[in-house]
Each structure stands twice: as C-alpha cells, then as structure tokens.
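The values are calculated or read from the model by the stated rules, or taken from the named source; none is laboratory data. No experiment lies behind these values; they were computed from the predicted model shown. Cβ placement follows ideal geometry from the backbone for every residue including glycine, while neighbour counts extend to all protein chains displayed.
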Amino acid sequence: MANRVTVNEQICKGCGLCTSVCPKKIMVIDRDKLNAKGYNPATVSDIEKCIACAMCAIMCPDSAIKVEKE
Amino acid sequence: MTTVYEKSKMLTDAPMSYCPGCTHGIIHKLVAESISELGVEGRTVGVAPVGCSVMAYNFFACDMVQAPHGRAPAVATGLARALPEGVIFTYQGDGDLAAIGTAETVHAASRGENIVIIFVNNAIYGMTGGQMAPTTLPGQVTQTSPYGRDVKTAGYPIRICEMLATLDGTAYAERVSVNSVPNIRKAKKAIKKAFENQIAGRGFSIVEVLSTCPTNWGLTPVEALKWLEENMTPYYPLGVYKDITAEEGK
C-alpha cells in the first residue's frame, strides 16, 4: 500500500506551485484533463514514490490537496 | 491511513476567487490554521479589506466584517473595544494598508490597539489591474510606471514593519514570506504568535507577508516565487522588527 494524495480537481487552478516543490518530482500537471473552469489539474504520476511530506499540499494556494500516510 | 495534511476547517468550501498561483490562498490557510490550532474559532472576528482579498469574508469560517478601503484597523479597533474577549484580526493588502489606510494603521499601532494585522505585500495594486503601489520597488514596471518606478518623481517604497516598530504601541512586528515551504512554516509561526499576543492582550501585532502577483507581474506562478525572492526580499528584509515578549525576557 502506498501513501495517498487526493487532488480536488474542480478546485485546482493548475498553477503548478505543487509541482515546483515536490522533492520526488511526481506532482505533475495533467495536460490531458480539463476541469469545469478550464484548467489542467495537478495529479500524481507515480504514487509509489510519494513520501507523504505534504509539501505540495502546504504550497497549494487553493487547499486542493489532501495527503494521507500509510 | 493517517492524514498528514488537509484543508483547514476554518476555511469555507467557497472556491477562492484569486488568480491561479496567487499566494493569497497560502496566507489564508496560515491564518485559518493558526486560529484553529488556538481553538478560538468561536470568538474570532476578522475584518476584510478592499482589494483582491475583499471577498475574504467568504473564505474564513468565522464572523467577518468588510471595512471601507483602508479602514480595517479602525473597524477592528471598534470590535476589539466592544468585544474584550474577541480575537480580532484584519487581513489587508498593500494598496489598502500602505496607501489609503496608512493613517488608520499608524494610529491603531500608536494607540496599541489589541488587534492582529495580516499585511499582504505584493508590491502592486492587484485587483485594479497592476498599478504602482507605495510598496512598488524602485525600477519596477507596472501599468502606471511603464519605464519602471522612478524614485525622483514617485518616491521610495514604504517599509511598514520598520516604520511601525518605532512606535511604542506596537507589541510585535515581523516580516515573513511565503515563497518556499520553509518560509511558509516560518510565516505560520509568526502569524500564530501574533494571535497568541492578541489573546494574551499584549496589544498591536502586525505580520507583513511578502506575496506574489503572477498576473500583474507578468510571470508564471513559479517564476513569481523566484522574482519575490530575488527582488523583494533584498528591499524588504525578512525578520522580527519588534517583539515585546523577547524584550521582557532579556
């Protein structure tokens, strides 16, 4: 079982601040997806590498990220 | 599964009206988390300003008042005097606090009013489209200083924390930044300390938070964090400018 990162995709504005602080570089902007506001939301590319440091969530201006540790 | 981080209960579910990557949202979180951790949600009253954060009353899950432009410290003064048990804070930008509301701010500080001021400094007028503010850096290009701020005609930026630290009524003045996770942690500590001062009745506390405005700076959100660090922090040094609790301990 891996840690869990939940992105509220409808709230996310795709600003990319979370991607800039992730030490494992697994927070990415999903260019194939659009939310109702027209933004590309953030997503996790490889959850197995997540260390649940929550830096993405701390940096998120819209409180769109929830981090849970196994 | 244990939750490491989730949205503060002191924030409502209303989607924030700020531009993508604007650090107002981070500062909102720090204020909300501080109030929650101190367990004073039920007796907190916030005062929203005019500017980008004019809708702050929609985002904080406590009682809020929306003050006329720049007058938040005056409204907070009334609240603090009418509600001695209340936890009173204002949330103001630099156009609100350092321009039209300078008099209210300086006099609330000199009177030593028992309030917390969260001062968000992004060196520009955000909501109205990026005009030069009193806090705009020398040489900074804005809508109304297209060749860069010329100090010969537009004067120099105001350093609010340094100015208020000279007043006897000020209990606590610190400048922090939210451009990186370590700085966000320090900012949280400062904001929480300001609220602790208010609850203990120590008087006027101000926390100046250096913030970004990617839209009006014409940068991506990530570039804006770097611009803040490289350009704003040299002119607005981070640190504690006054802390009466530290002075008492000497």
Original post:
Just checking, which of A:Thr43, A:Thr19 is among the hydroxyl-bearing types (Ser, Thr, Tyr) and within 10 Å of chain B (Cβ to nearest Cβ)?
Top reply: A:Thr19
Subject >> Number of the condition not met by B:Val75 [criteria: (1) within 14 Å of another protein chain (Cβ to nearest Cβ); (2) within 17 Å of B:Glu104 (Cβ to Cβ)] >> reply: (1)
Original post:
Are any residues in segment B:149-175 small (Gly, Ala, Ser), out of contact with any Ser or Thr (no Cβ under 7 Å at 6 or more places or on another chain) and outside any loop (DSSP other than H, G, I, E, B), and if so, which ones?
Top reply: B:Ala165, B:Ala173
Subject >> So B:Glu174, is it charged (D, E, K, R), out of contact with any Asp or Glu (no Cβ under 6 Å at 6 or more places or on another chain) and over 15 Å from B:Ile244 (Cα atoms) >> reply: no
**OP:** Would you tally the residues in segment B:202-226 being within 19 Å of the chain's Cα centre (by Cα), over 15 Å from B:Ile124 (Cα atoms) and among the polar types (S, T, N, Q)?
**Re:** 1
Subject >> Filter result for B:Ala108 (in contact (Cβ under 8 Å) with a residue 40 or more places away in the chain and crowded, with 21+ Cβ neighbours inside 10 Å) >> reply: yes
Original post:
Looking only at segment B:123-148, which residues are of a type in the set (S, T, N, Q), assigned to a loop (DSSP other than H, G, I, E, B) and touching a strand residue (DSSP E or B) at 6+ places or on another chain (Cβ under 7 Å)?
Top reply: B:Thr135, B:Thr136, B:Gln143, B:Thr144
**OP:** Quick one: in segment B:8-41, of everything that is more than 21 Å from B:Lys192 (Cβ to Cβ) and within 7 Å of another protein chain (Cβ to nearest Cβ), which residue is surrounded by the fewest Cβ atoms within 10 Å (Cβ to Cβ)?
**Re:** B:Pro15
Subject >> Residue among B:Ala173, B:Ala190 that alone is small (Gly, Ala, Ser), modelled with pLDDT of 95 or more and in contact with a Cys (Cβ under 7 Å, 6 or more places away or on another chain) >> reply: B:Ala173
Subject >> Given (1) under 30 Å from B:Arg43 (Cα atoms); (2) crowded, with 23+ Cβ neighbours inside 10 Å; (3) in contact with a helix residue (DSSP H, G or I) (Cβ under 8 Å, 6 or more places away or on another chain), index of the condition B:Leu225 fails >> reply: (1)
**OP:** Give the residue that is farthest from B:Ser36 (Cα to Cα), with candidates limited to residues of segment B:172-201 that are of a type in the set (A, V, I, L, M, F, W, C) and more than 15 Å from the chain's Cα centre (by Cα).
**Re:** B:Val181
Original post:
Pick from segment B:60-80 the residues that are hydrophobic (A, V, I, L, M, F, W, C) and in contact with a Ser or Thr (Cβ under 6 Å, 6 or more places away or on another chain): which of them is surrounded by the most Cβ atoms within 10 Å (Cβ to Cβ)?
Top reply: B:Ala72
Subject >> Selection count where residues are at the interface with chain B (Cβ under 7 Å from one of its Cβ atoms) and surrounded by fewer than 16 Cβ atoms within 10 Å (Cβ to Cβ), scope segment A:46-68 >> reply: 0
Subject >> Sole residue being away from every other protein chain (no Cβ under 11 Å), without any contact (Cβ under 8 Å) to a residue 24 or more places away in the chain and under 9 Å from the mean Cα position of the chain (by Cα), chosen from A:Val28, A:Val7 >> reply: A:Val28
